[in-house]
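Notes for the one structure printed next.
The values are calculated or read from the model by the stated rules, or taken from the named source; none is laboratory data. The shown structure was predicted, so the numbers you read here are calculated from the model rather than taken from an experiment. Cβ: placed from backbone, ideal geometry, glycine included. Neighbour counts: every protein chain shown.
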Amino acid sequence: MSALPLRPPRRRTLSQRDARTGIALMSPTLIIVLAVVVVPLLWSILIAFQQLKLLEIGTANPFRSLTLANFERVFASGGLWVSLGTTLVYTAGSVLLSIGIGLLAAMAVRRPFRGRNFVRAAFLLPYVAPVVAVTFVWRTMLNPQFGIVNEVGQSTFGWADPIPFLSEAQRTVEFLGAQFPIPTALLTAIAFEGWRYFPFAFLFLMARLEALSAESEEAALVDGASPLQTFRYIILPQLMPVIALLAVLRTIWTFNEFDDIFLLTGGAAGTGVASVRVYEFLTVQRNVGAAAAQSLVLAVVLVLMLAVYLFLMRRRGERL
Amino acid sequence: MSAPTTPGTQTSTAPAPRPPEVQRVRGSRRHEIERRSLRILRWVVIIGLLIVTLLPFYYMVLLSLRPIEALLRNPSSLIIPPAEFTLSSYQQVLASTAAGGQGFGRFIANSALVAVSAVIISLIVAVPGAYAIARLPFFGHRQVNALFLAAYLFPAIVMAIPLFVLFTRVGLRGSLVGLILVYIAQTVPVAIYMLRNYLDTVPVAVEEAGLVDGLTRIGVLRRISLPLVMPSIMATGLFIFMIAWNEFLFALLFLVERRESWTVSLGLSQLSGSAEIPTTVLMAGSVVLTLPILILFFSTERLLTGGLTAGAEKG
């Protein structure tokens, strides 16, 4: 409301005052996000081009000379492509599985029944519970010595030996006379992700299903569509935008997932995804520059995936 | 298992060829078979998923109440014989290290301090911010919105390296204050997103009435909008609490060398690598870690899930 001294006092319009208030209300948030997200991110790019060891981080000059040595290190060892490949398989498997189970669950509890609230709540448990606790339970259940899964597998399903689900990189499975190599630990990690994140898809799909109008389904019924046809041609198309959104969100998060893999296998037995490699550069090799370079590679892949997604959306003429 | 969702069993006849006699088609054999098998499959799915989701948690509680010797003797038992029931795992895990326990009491205090501080500060910062984004047409509105979305989507592992270096330099690594600061930055974008969805439900007309009656914008926010969305603010606070309580990566990077500052998540993950501590004791630790979150979540479930998926109904 204060006027400049030289001009005659005048009242600002409401929207001008609102704009000022808006900036004032916004600024604390903006400062925090800039200071703890944006600035570190930019600094991370700088570090990726510097030789920086863990021991030096307290004293090193932040503007020391730049080098490409970190990227040579990250790309040269060949480990990068292996880890990116593992990450890709892990991400694709986890995203498909979690959305698939989520869709199945949402369709199953769609119509009211006794105990529906309880079932809904139970389905959300894996997503809500702390990751450290659930990975520990999984590790215990899958333990080859006293885990309940191997115990039941041996006594009931006649497994010859306990299966080391989380420490075995590969096993050969015989099926219809042919032998297939399967990555045991990676598949277990994907199963874990499907278990832990299907509630996320379930929640979003349920919300969408509840908002669907009954009319088109009733019309389909009158027109003689079978239940599966109704699902395929009436319900699924209406769910597609949500499924696409879920796929993008889950891909972004799974691609960079660290906690789950680290806590389940520590990145051993063929589950060394890219984010675990960042952590190893930092703590095992104590090379901060290489860790930053590796995380930058991850960020670039991520931005590329986002760009492709935005491009596809734009081409379909949709607004984000 | 997959019948209700996979369209694999479809015939290729597209949206139903409009048969003249509805009655006959409805009762047709194929429909009846589909309807019956779907009815059965639906329960197969529900019961199967219930087992899969509940069993690990049941197993967690079960192991925390049995002595380790009993577990090793009979690993596949899913019930506790009354003679085996014991609470000693809980005593052992909660007692301080000086008293021969694992010191989870201390970890709980640390986790609670970090999570509660993060909730309070995040909300103080995010509520005005969310209001500004929801209602006020300030310059750079869209850019700020996009920045928050990016900050929300950007993965922790990419942020971890620079923050690790930054906090070491300013001497905040190893302190709970540093951890609180990171959690605030991680939760503010989510909080703003949720709060904005809630604030959008307040009718503009109510606020305009307040403005006409001579309130300032801040007055409107404080006296009209905030009271209306109070329950939603509580829900957002609980969500922030859950994120902070469950967080693992930054706790690991910042606090791993200082056992007295460990959070429950970090404590459990560090101790579960050691061979000396019985699994049953660590299971008691898992229950201690999980229980507060489940209680909080299910006491506010409707509000929370409504806020998280508010965008989804629009398609």
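The residue list B:34, B:84 contains one member that is at the interface with chain A (Cβ under 8 Å from one of its Cβ atoms) and surrounded by 14 or more Cβ atoms within 10 Å (Cβ to Cβ), which is B:34.
Yes or no: the range B:137-153 includes at least one residue that is over 19 Å from residue A:34 (Cα atoms) and assigned by TED's automatic domain parsing to the domain that holds residue B:261. Yes, that holds for at least one residue.
Checked against (1) within 7 Å of another protein chain (Cβ to nearest Cβ); (2) closer than 30 Å to residue A:70 by Cβ, residue A:225 meets all criteria but (2). Residues in the range A:283-293 that are at the interface with chain B (Cβ under 9 Å from one of its Cβ atoms) and crowded, with 24+ Cβ neighbours inside 10 Å were compared, and the one that is nearest to residue A:164 (Cα to Cα) is A:291.
Being at pLDDT below 90 and facing chain B (nearest Cβ under 7 Å) is the filter here; which residues of the range A:130-146 pass it? Result: A:140, A:141, A:146. Being out of contact with any Pro (no Cβ under 6 Å at 6 or more places or on another chain), among the hydrophobic types (A, V, I, L, M, F, W, C), in contact (Cβ under 8 Å) with a residue 40 or more places away in the chain and surrounded by fewer than 17 Cβ atoms within 10 Å (Cβ to Cβ): is that true of residue B:123 here? When the stated conditions are applied, residue B:123 does not pass them. The residue that is farthest from the other protein chains (Cβ to nearest Cβ), among those in the range A:234-274 that are modelled with pLDDT of 85 or more and under 23 Å from residue B:168 (Cβ atoms), is A:262. Out of all the residues in the range B:271-315, which are modelled with pLDDT under 75, in contact with a helix residue (DSSP H, G or I) (Cβ under 6 Å, 6 or more places away or on another chain) and among the hydrophobic types (A, V, I, L, M, F, W, C)? Of everything in the range B:271-315, those that are modelled with pLDDT under 75, in contact with a helix residue (DSSP H, G or I) (Cβ under 6 Å, 6 or more places away or on another chain) and among the hydrophobic types (A, V, I, L, M, F, W, C) turn out to be B:303, B:304, B:310, B:312.
Can you find even one residue in the range A:149-157 that is surrounded by 18 or more Cβ atoms within 10 Å (Cβ to Cβ), modelled with pLDDT of 85 or more and not in a loop (DSSP other than H, G, I, E, B)? Checked the range A:149-157: no residue is surrounded by 18 or more Cβ atoms within 10 Å (Cβ to Cβ), modelled with pLDDT of 85 or more and not in a loop (DSSP other than H, G, I, E, B).
Meeting the requirement of 2 or more residues that are within 17 Å of the chain's Cα centre (by Cα), closer than 25 Å to residue B:123 by Cα and without any contact (Cβ under 8 Å) to a residue 40 or more places away in the chain, the helices (runs of 4 or more DSSP H) wholly within the range B:236-306 are B:279-299. Within the range B:133-157, if we keep just the residues that are of a type in the set (Gly, Ala, Ser), closer than 28 Å to residue A:45 by Cβ and touching a residue at least 12 places away in the same chain (Cβ under 8 Å), the residue that is surrounded by the most Cβ atoms within 10 Å (Cβ to Cβ) turns out to be B:151. Looking only at the range A:94-123, residues that are surrounded by fewer than 22 Cβ atoms within 10 Å (Cβ to Cβ) and under 19 Å from residue A:254 (Cβ atoms) come to 3 in all.
Report, by residue number, each residue of the range B:258-275 that is more than 11 Å from chain A (Cβ to nearest Cβ) and either in contact with an Asp or Glu (Cβ under 9 Å, 6 or more places away or on another chain) or within 14 Å of residue B:96 (Cα to Cα) (or both).
Result: B:259, B:260, B:261, B:262.
When B:174, B:103 are screened for being touching a Lys or Arg at 6+ places or on another chain (Cβ under 7 Å) and more than 10 Å from every other protein chain (Cβ to nearest Cβ), only B:174 passes. Quick check: is even one residue across the range A:76-92 part of a loop (DSSP other than H, G, I, E, B) and at pLDDT below 80? Within the range A:76-92 (the criterion being part of a loop (DSSP other than H, G, I, E, B) and at pLDDT below 80), the answer is yes, since at least one residue qualifies. So, of the residues in the range B:181-222 that are within 11 Å of another protein chain (Cβ to nearest Cβ), β-branched (Val, Ile, Thr) and not in a loop (DSSP other than H, G, I, E, B), which turns out to be farthest from residue A:13 (Cα to Cα)? Only one residue tops the list, namely B:182. Filtering the range A:222-240 for residues that are within 30 Å of residue A:151 (Cβ to Cβ), crowded, with 20+ Cβ neighbours inside 10 Å, of a type in the set (A, V, I, L, M) and touching a residue at least 24 places away in the same chain (Cβ under 8 Å) leaves an empty set.
Residue B:82 meets each of the listed conditions (1) modelled with pLDDT under 75; (2) more than 22 Å from residue B:270 (Cβ to Cβ) apart from (1). If the condition is being within 7 Å of another protein chain (Cβ to nearest Cβ) and assigned to a helix (DSSP H, G or I), then the range A:113-129 contributes A:119, A:121, A:122, A:123, A:125, A:126, A:128.
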